[in-house]
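Note sheet for the following structure.
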Amino acid sequence: MSFREETRDWLDESCPASVRQPAGPGEGSGGGRRATYPNPEGKLWLDRMAEKGWTAPTWPKEYGGGGLNREEAQILGEELRAINARPAHTGMGLSMIGPALLEYGTEEQKLEHLPKIIRGEIWWCQGYSEPGSGSDLASLQTKAVGDGDDYIINGQKIWTSGANFADWMFCLVRTDPDAPKHEGISFILFDMETPGVTVKPIQLISGMSPFCETFLDDVRVPKKNIVSEVNKGWTVAKRLLQYERTSIGGIGGSSQRAKTMEEIAKDYLGESEGRIADADIRDRLLKHRMNDRIYGLTMRRSGEESSSGNAPTFLSSMFKLYGTEQNKDRFDLMLSIMGSQMLGWEGDAYTGRELGTTREWLRSKANSIEGGSSEVQLNIIAKRILGLPD
Ligand SMILES: Cc1cc2nc3c(=O)[nH]c(=O)nc-3n(C[C@H](O)[C@H](O)[C@H](O)COP(=O)(O)OP(=O)(O)OC[C@H]3O[C@@H](n4cnc5c(N)ncnc54)[C@H](O)[C@@H]3O)c2cc1C
């Protein structure tokens, strides 16, 4: 039996019907110690996928991963999409710190953290940005000072997504204040329950608090939690950003979404001879769909041609830039289609889909800031891909 047939049979038996649709409110799959599963089949789906290692299909089997090669992982992805299965598990563990640990972690760190990420037991957050250090991340000031077998960390992080739910943080700290700024940084891991870690959610205009300020006051962390070498953390940090940017860029390039937009346009604008009645919207949608398709194929080609296995390269900046701008374009188009129905905040005059789309539209504005702004990606593309002078 071919891998595709085996996979299809397994999914047929193992993927519960209720997870063959997008996750509803509160049904996110970030996992972690405090995770609740309003739909028990969501947890069942996670456990079944994790047992096969398919929450991290290409990670080695010795850490609980699926051990699949690129082609098999692609087939798995196609079969999951074909039944509209939602991801069994998502988050910074799988998309960011896990891949970085595979590359730079010690054997002990891999054995401790990777299986828990795969099983969705630990929710990770990212302690990079500081009040004075965003685009110029290497200017960060949070300090770690050696004390026997430990470091004592003091400082403040900001915009820490999900810190109020997270179990562990991967964090950038300054371990040599006298070295040139990129050379005095270390990459360290700690449990958010360590004394001295205080998390303060930042209330947004929407009433939601997706980000936090994270205060670190005399936080004692074992030296063995440094990833790679002391003062060599910038190398790990940059690699992790490439994983993050590739992952954020992936929000563009879905031809399925373009099709759904066409159906919505017919609903709102009417049909003429089976086509969307508004010619301008028809043109814009077609262009958007073509761009999605081209972008999806370019990402795929880049993966297939890559000589670095699954590891990303500076091309991740190109994907981050294009994918996020494409996602913003998607919501601007939706606004043109749905008009004032997409500007509601609450009340019976709007459907649930309309209210949800308004929030998604506003959220999409952050796509070109998170993980490094579009301007920063353009700088990287100019310098690292096009070889232009600084
Ligand atoms: C949704 C979201 C989630 C986030 N999650 C996290 C998280 O979990 N952990 C974390 O550590 N951080 C997180 N961040 C922070 C994010 O990484 C920073 O916001 C981002 O790097 C930009 O930094 P800044 O906000 O300090 O803006 P600044 O660096 O102050 O930039 C302000 C403006 O100046 C421009 N600019 C700055 N420098 C240059 C330059 N050299 N050339 C051209 N233009 C420039 C920028 O493009 C931007 O438009 C998140 C941000 C968002 C929006």
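Since every read-out is calculated from the coordinates, none of them should be taken as a lab result. Please read these numbers as outputs of a predicted model, since none were measured by experiment. Positions of Cβ are generated from backbone atoms using ideal geometry, with glycine treated the same way; all protein chains shown enter the neighbour counts.
In terms of modelled amide H atoms, which long-range or inter-chain residues lie less than 5 Å from the amide H of Gly65?
none
Against the longest principal axis of the chain, how steep is helix 315-338, in degrees 0 to 90 to the nearest 10, with axes from Cα atoms?
40 degrees
Calculate one ³J(HN,Hα) per residue across the range 171-184 by plugging θ = phi - 60° into the Karplus curve 6.51 cos²θ - 1.76 cosθ + 1.60, and present them in order as whole Hz with x for glycine and proline.
Coupling constants for the range 171-184: 9, 9, 9, 8, 9, 9, x, 8, 6, x, 4, 6, 9, x Hz.
³J(HN,Hα) across the range 274-284 via Karplus (A = 6.51, B = -1.76, C = 1.60, θ = phi - 60°), whole Hz, x for Gly/Pro?
Along the range 274-284, the couplings run x, 10, 4, 5, 8, 5, 5, 5, 4, 5, 5 Hz.
Can you list the HN-Hα couplings for the range 90-95, worked out from phi with the Karplus curve (6.51, -1.76, 1.60; θ = phi - 60°), rounded to whole Hz and with x for Gly and Pro?
9, x, 5, x, 6, 8
Between the range 81-99 and the range 184-238, what is the separation of their alpha carbon centroids in Å?
23 Å
Using Cα pairs under 8 angstrom and six or more residues apart, how large is the relative contact order of the chain, in percent?
That works out to 12 percent.
Given points 7 Å out from each Cα along the Cα-Cβ axis, report the Asp150 to Asp348 separation in nanometres with one decimal.
For Asp150 paired with Asp348, the spin-label model returns 5.9 nm.
Can you give me the long-range amide H partners of Gly53? Hydrogens built in the peptide plane at 1.01 Å from N, cutoff under 5 Å, separation of 5 or more residues or another chain.
Hits under the 5 Å cutoff: none.
Using the beta-carbon distance between Ser302 and Tyr37 and R0 = 35 Å, what value does 1/(1 + (r/R0)^6) give for FRET efficiency, to the nearest 0.05?
Approximately 0.45, to the nearest 0.05.
Work out the FRET efficiency for Glu72 and Asn231 from their Cβ-Cβ distance, taking R0 = 30 Å, and round it to the nearest 0.05.
E between Glu72 and Asn231, to the nearest 0.05, is 0.15.
Give Lys181/Lys238; Lys259/Lys287; Lys200/Lys224; Lys181/Lys232; Lys116/Lys320 a once-over and call out the pairs whose C-alpha atoms are over 20 Å from each other.
Values: Lys181/Lys238 14 Å; Lys259/Lys287 12 Å; Lys200/Lys224 28 Å; Lys181/Lys232 11 Å; Lys116/Lys320 28 Å.
Exceeds cut-off: Lys200/Lys224; Lys116/Lys320.
Taking the alpha-carbon distance from Lys110 and a cut-off under 13 Å, which aspartates and glutamates remain once sequence neighbours fewer than 8 residues away in the same chain are dropped?
Glu62
Based on the alpha-carbon gyration tensor of the range 132-193 and its eigenvalue square roots a ≥ b ≥ c, which shape applies: rounded if a/c is under 1.5, prolate if not and a/b is larger than b/c, or oblate?
Oblate is the answer for the range 132-193, as a/c is 1.5 or above yet b/c matches or exceeds a/b.
Given a Förster radius of 45 Å and the C-beta distance between Leu386 and Ala279 as r, what FRET efficiency does 1/(1 + (r/R0)^6) yield to the nearest 0.05?
Efficiency at R0 = 45 Å is approximately 0.75.
I'd like the orientation of helix 40-52 relative to the chain: the angle between its Cα long axis and the longest Cα principal axis, in ° from 0 to 90, rounded to 10.
The angle comes out at about 60 degrees.
Can you find, among Gly162, Ile205, Val145, the residue sitting farthest towards the positive end of the charge dipole of the range 124-233, where Lys and Arg contribute +1 and Asp and Glu -1 at Cβ?
Farthest towards the positive end: Ile205.
So what is the 222 nm mean residue ellipticity for the chain from helices alone, if each DSSP H run of at least 4 adds -39500 (n - 2.57) and you divide by all residues, rounding to the nearest 500 deg cm²/dmol?
Taking each H run of at least 4 residues, the total per residue is -13500 deg cm²/dmol.
Assign unit charges at the C-beta atoms only (+1 for Lys and Arg, -1 for Asp and Glu), then state the dipole size of the range 250-385 relative to its Cα centre in Debye, rounded to the nearest 20.
580 debye
Once you sort the root eigenvalues of the Cα gyration tensor of the range 29-87 as a ≥ b ≥ c, which label holds: rounded (a/c under 1.5), prolate (a/b larger than b/c) or oblate (the other case)?
Note, shape of the range 29-87 comes out oblate.
Angle, helix 255-269 long axis vs. longest principal axis of the chain, Cα atoms, 0 to 90°, nearest 10?
Tilt relative to the chain: about 50 degrees.
Taking a cut-off of 20 Å between Cα atoms, list the aspartates and glutamates near Lys143, but don't count ones fewer than 8 places away on the same chain.
Hits, sequence-local ones excluded: Glu130, Asp176, Asp178, Glu183, Asp191, Glu193, Glu213, Asp217, Asp218, Glu229.
How would Leu94, Leu386 line up from fewest to most surrounding beta-carbon atoms within 10 angstrom? Don't skip to the end; give the middle numbers.
Values: Leu94 23, Leu386 8.
Result, fewest neighbours first: Leu386, Leu94.
Full-extension gain between Arg363 and Ser139, please, as 0.36 nm times their residue separation minus the C-alpha to C-alpha distance. Numbers along the way, then the final one.
Numbers: separation 224, 0.36 × 224 = 80.64 nm, distance 2.75 nm.
The span from Arg363 to Ser139 would gain 77.9 nm if fully extended.
Take every Cα pair under 8 Å in the range 250-385 that's 6+ residues apart, average their separations, divide by the length, and report that relative contact order as a whole percent.
30 percent
From the Cα gyration tensor of the range 1-135, with a ≥ b ≥ c the square roots of its eigenvalues, which class applies: rounded if a/c is under 1.5, or else prolate if a/b is larger than b/c, or else oblate?
Here the range 1-135 falls in the oblate category.
For the residue pair Glu51 and Asp176, what label-to-label distance in nm results when each label sits 7 Å from Cα along the Cα-to-beta-carbon direction?
So the label points at Glu51 and Asp176 sit 5.0 nm apart.
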